[in-house]
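This report concerns only the one structure given below.
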Amino acid sequence: MAKVIEGLYYAESHEFVKVEGDFGYVGITDYAQGQLGNVVYVDMPEEGDEVTAGEDFGAVESVKAASDLISPVSGEVVEVNSALEDEPELINKDAFENWIIKVRLSDKSELDALMDAKAYEAICE
């Protein structure tokens, strides 16, 4: 079973959000990285770009497939995980530790549409 962490928010498209104050760290879940296999490239937005809940903000490529990244929240990208540019395989080592973007949340009520750990575990089974 893929690792699922309590206290995070999950999208059906297999992205997570870890909320700290007005910011959200967005990445792909352990389940998603397991399905993709060895990650070889992460396409990320630029700092200062706006992301919109439900819309693409980049992509993750593996030896098996490429998968669009769908933002679970809206806001401004304030940081990208630049370590992933040189070492995209960090996502395979620990998907939750190696978030992809940090977003200044523009509408925290969007979190209400996301799943908790228990609901996300149920769709992964």
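The values are calculated or read from the model by the stated rules, or taken from the named source; none is laboratory data. Fair warning: this is a prediction, and the values are worked out from it, not measured in the lab. Neighbour counts run over all protein chains shown; Cβ positions are idealised from the backbone, glycine included. SASA here: full protein model, heavy atoms, side chains in, ligands and nucleic acids out. Shrake-Rupley method; radii C 1.70, N 1.55, O 1.52, S 1.80 Å.
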So, in region 61-86, how many residues would count as being in a loop (DSSP other than H, G, I, E, B), closer than 24 Å to Leu105 by Cα and open to solvent by 40 Å² or more (accessible area, probe 1.4 Å)? 1
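Considering only region 92-115, state which residues are among the hydroxyl-bearing types (Ser, Thr, Tyr) and surrounded by 13 or more Cβ atoms within 10 Å (Cβ to Cβ).
Ser106
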Tell me, please, whether a residue that is part of a loop (DSSP other than H, G, I, E, B) and over 13 Å from the mean Cα position of the chain (by Cα) can be found in region 15-28. yes
Taking the stated definitions as given, is Asn38 modelled with pLDDT of 95 or more and either within 25 Å of Lys118 (Cα to Cα) or of a type in the set (Lys, Arg) (or both)? no
Number of the exception - Gly58 against (1) open to solvent by less than 60 Å² (accessible area, probe 1.4 Å); (2) assigned to a strand (DSSP E or B); (3) over 19 Å from Cys124 (Cβ atoms); (4) in contact (Cβ under 8 Å) with a residue 60 or more places away in the chain: (4)
What do you reckon, is Val40 open to solvent by 60 Å² or more (accessible area, probe 1.4 Å), farther than 14 Å from Glu15 by Cβ and among the β-branched types (Val, Ile, Thr)? yes
